[in-house]
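K.L.:
Below is one structure. I have some questions about it.
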Amino acid sequence: MLRQVGAILGIIVFVFAQDGPAASQPLYRAESSSEASETPTVDPEPAPATPTNTPSPSDLTSTPTLDPIPSLTPEEPPASPTPSASPTATPIDLSPTATATLTTTPSQTPSDTPTPSPSPTPPTPFPPQAILINEIAWAGTFASANDEWIELHNPGPEPVDLAGWRLTDGGDIHPSLSGNLPPYGFFLMERTDNSTVSDIAADQIYTGSLRNSGERLELLGPAGEIVDTANSAGGGWPAGDAETRVSMERRGGSDLPGNWATFSGYSGNGLDAAGNPIQGTPRRANSLFYPTPTPTGIPSRIVINEVLIRPRHDWEGTGGVTTADEFIELYNPGRMDVYLKGWWLDDSSGGGSSPFDLPGVTIPAKGYAVFFRSQTKIALNDTGDTVRLLAPDERMIDEISYLSVRAANLSFGRLPDGSDHLRYGLWPTPRQANLLFDEPVPVPPSGPFFPRLCPGAAWPAGSRLLRSSMERIGVDDTPATWMTFTGPPGEGLDAEGGPISGSPGRENSVAVDRAALADRSGPLVLINEVAWSGTAASASDEWFELQNPGRTDVDLQGWLLTDRDDLNVALVGTIGAGGYFLLERTDDETISNLPADLLYTGGLRDEGEILWLVDPAGRVVDTANAVRSGQPAFPLRRLSRQPSQVAWLRELNLVACSG
């Protein structure tokens, strides 16, 4: 028995010694039949190279019956088992290519499924005028015309993060803004470098330039929305001055020409690159919100209350518009009447106009007296002047001075009447209480309206941006009759050799239907093409084209092409059947490679107007952009204002019109 146990132990030790890479010989494992299923199956994985426990005899003797141990030599057949336990020998390959090493793979702890990141929330659009384009120094500074600067203003009580905002002119100015604009604060942008306003640090530097002839600026919010504009109508700047380098200041409100004012000359701040005073208020409230200096004067019962320097209307009511419509208004703020006999009006001391001896006029308490230039012969200089009121004993009773004035039909005076507060930008109100200029109300009440003030409307076609012409595609003059030239460019070249965005001297992009002309009597001459926006070389290089779609030549002697304003062209020459007649403004370089049939003077407003073609008998043969007489789309806030004031507002494009 002991010999059997020793033999078994020897065999077990031998088997364990064969483990490892060198034990490439196949081992046999006895597999019992289904009747011996209770016998444990030997694990096919190889045992560790060095066993840690050797089975003791007591462990082995616990098994009452030993299964036959197969030979370790594969060539030797196994002993014949008894039928009750018929083990079969199955070779197990323990070569390195087999899974010979027991590797315990730890169970993998499942990780949480990552939560997908939410998609970014799109930025919330800002309402209009949440941030204002507040001041524009488009003319630069005295140091350099290139030293332009732009100021933004936050009129609200909350700070605004400017990340994602853009300022653009649709051309070479398109900075992406950054930084924080505090409540009621200002944001200064200087062109090219930080020396434009040398003693005030810029909040941002930008590149690009503003044309002195004017352009449109847009302030875009983080969602791409238009939050504010400046000079949205295009054309010339509504304020500022290239010669004196004064800035254009925002009054507030929407982007109307009347909501912009020229720097007053008072309450400015900052120095330019050469140390000269900046003609504006960078990163500071605009000058029009500060009181002007109190005029010198001797306490009295009469004051100089209002002066109109640049009239563009017949304020005197004599039937014409001249410098004679300049006026000086006196006001009596006291409780007693004042007799003016022997008093004097004069301008600058020691020069200028001759003094004017006032007639025997009595100004009642709280009353007015107005003296026009036609009477006083006192010329009020646009570049700045002084007005003085002298008593009969030559004591100076009152004196006011003003700076350079460029806007027409805006007066300088006291607000309110008789006070020491002087303001520029008043309504001209001779013999009436002074009123600060105010934009028209956007919501129209029931009236009154003033007819025949709006003879035209915006051009129905053409492009200011691309300088494309307005082409005729129909006979009757309606908005649908016109389309913008879309090309391809023809043979015409502008003054700089670039292609003309139009079709001078040839058929339009879409030709007029000749069949539609069959029932027309008389000469068949049409206003065929209007280049109201000029050319890429110059916005002033405007041109027209007439067309004769008929079958006979037409003599244009005695014909008139007019806008009933500054463009009145007396036509001469002949336009052949099926031919064209080219008119170029000022000189023959507008279309440099095509000779003009006729030159003319006068210009077309980019905002639109009507053209009439009149034959020698005075009949209107054709029109362009004709609409029926309109009326202001909204009346003035002060309904007591006269139609004359509406007329000059229309001239300043401050009264919109409806058909």
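The values are calculated or read from the model by the stated rules, or taken from the named source; none is laboratory data. Keep in mind the model is a prediction, meaning the values are calculated, not measured. Don't worry about glycine lacking a Cβ; one is built from the backbone with ideal geometry, like all the others, and counts go over all protein chains shown. For the accessible areas, the whole protein counts, side chains as well, though only heavy atoms, and no ligand, DNA or RNA atoms are used. Shrake-Rupley method; radii C 1.70, N 1.55, O 1.52, S 1.80 Å.
K.L.:
So for each of 414-420, 530-536 I average, over its residues, the number of other beta carbons within 10 Å; can you give me the resulting order with the highest mean first?
P.N.:
Numbers: 414-420: 16.7, 530-536: 23.4.
Final packing ranking: 530-536, 414-420.
K.L.:
So what is the relative contact order for the range 545-614, in percent, with contacts set as C-alpha pairs under 8 Å and at least six apart? Working shown, then result.
P.N.:
Values: 127 pairs, mean separation 24.5, N = 70.
Once normalised by length, the contact order is 35 percent.
K.L.:
For the range 143-262, what % of the accessible area comes from carbon and sulfur atoms, probe 1.4 Å?
P.N.:
Carbon with sulfur: 49 percent of the solvent-accessible area.
K.L.:
Quick one: putting +1 on the C-beta of Lys and Arg, -1 on the C-beta of Asp and Glu, what dipole do you get for the range 340-382 around its Cα centre, in Debye to the nearest 20? Don't skip to the end; give the middle numbers.
P.N.:
Values: 4 positive and 4 negative charges, 44 e Å.
In debye, rounded to 20, the range 340-382 gives about 200.
K.L.:
Would you please give the FRET efficiency between S195 and A495, computed as 1/(1 + (r/R0)^6) with r the Cβ-Cβ distance and R0 = 51 Å, to the nearest 0.05? Could the numbers behind the result be given before it?
P.N.:
Numbers: r = 36 Å, r/R0 = 0.70.
For R0 = 51 Å, the calculated efficiency reads 0.90.
K.L.:
Right, another one. I need to check one value: relative contact order of the range 208-251, counting alpha carbon pairs closer than 8 Å and at least 6 residues apart, in percent.
P.N.:
Details: 50 pairs, mean separation 13.9, N = 44.
Computed value for the range 208-251: 32 percent relative contact order.
K.L.:
Using amide H atoms built 1.01 Å from N in the peptide plane, name the residues 5+ places from L271, or on other chains, whose amide H lies under 5 Å from its own.
P.N.:
Sorted by chain and number, the residues that satisfy this are S198, D199, I200, I278.
K.L.:
How large is the charge dipole for the range 540-608, taken about the Cα centre, if only the Cβ atoms of Lys, Arg (+1) and Asp, Glu (-1) carry charge, to the nearest 20 debye?
P.N.:
Working: 4 positive and 15 negative charges, 74 e Å.
So the dipole magnitude of the range 540-608 works out to roughly 360 debye.
K.L.:
Continuing with this model, one more query. Given a Förster distance of 56 angstrom, what is the FRET efficiency for N276 paired with S374, based on the Cβ-Cβ distance and rounded to 0.05?
P.N.:
Working: r = 40 Å, r/R0 = 0.71.
Calculated transfer efficiency: 0.90.
K.L.:
So, for the range 193-251, what is the accessible surface per residue at a probe of 1.4 Å, expressed in square angstrom?
P.N.:
Details: 2170 Å² over 59 residues.
Computed with neighbouring chains in place, this is 37 Å² per residue.
K.L.:
With +1 on each Lys and Arg Cβ and -1 on each Asp and Glu Cβ, and nothing else charged, work out how big the dipole of the range 281-422 is about its Cα centre, in Debye to the nearest 20. Show your work: numbers first, answer last.
P.N.:
Values: 14 positive and 18 negative charges, 91 e Å.
Computed about the Cα centre, the dipole is about 440 debye.
K.L.:
How much length, in nm to one decimal, is gained on full extension between I473 and F289, taken as 0.36 nm per residue of separation minus their Cα-Cα distance?
P.N.:
Values: separation 184, 0.36 × 184 = 66.24 nm, distance 5.11 nm.
Taking I473 through F289 to full extension adds about 61.1 nm, to one decimal.
K.L.:
Give me, ordered by chain and number, the residues 5 or more places off V361 or on other chains with an amide H under 5 Å from its own placed amide H.
P.N.:
Under 5 Å from the amide H of V361 lie the amide H atoms of L340, K341, each far enough along the sequence or on another chain.
K.L.:
Determine the share of the range 308-432's accessible area contributed by carbon and sulfur atoms, expressed in whole percent, with a 1.4 angstrom probe. Kindly include the intermediate steps, with their values, before the conclusion.
P.N.:
Working: 2710 of 5460 Å².
Whole-percent figure for carbon plus sulfur exposure: 50.
K.L.:
Here's something else I'd like to know. Search the structure for amide H atoms under 5 Å from the amide H of V246, placed 1.01 Å from N in the peptide plane, and list their residues when 5 or more places away or on another chain.
P.N.:
Long-range HN contacts for V246: D241.
K.L.:
Calculate the FRET efficiency for Y266 and L599 from the Cβ-Cβ distance with a Förster distance of 30 Å, rounded to the nearest 0.05. It would help to have the intermediate numbers written out before the result.
P.N.:
Values: r = 46 Å, r/R0 = 1.53.
Between Y266 and L599 the formula returns 0.05.
K.L.:
Checking a compactness column here: for the range 201-277, what do you get for Rg(Cα) / (2.2 N^0.38 Å), N being the number of residues?
P.N.:
My calculation over the Cα atoms of the range 201-277 gives 1.23.
K.L.:
Contact order normalised by length for the range 354-445, with contacts defined as Cα pairs under 8 Å and 6 or more residues apart; what percent is it? Kindly include the intermediate steps, with their values, before the conclusion.
P.N.:
Details: 100 pairs, mean separation 16.8, N = 92.
The normalised contact order for the range 354-445 reaches 18 percent.
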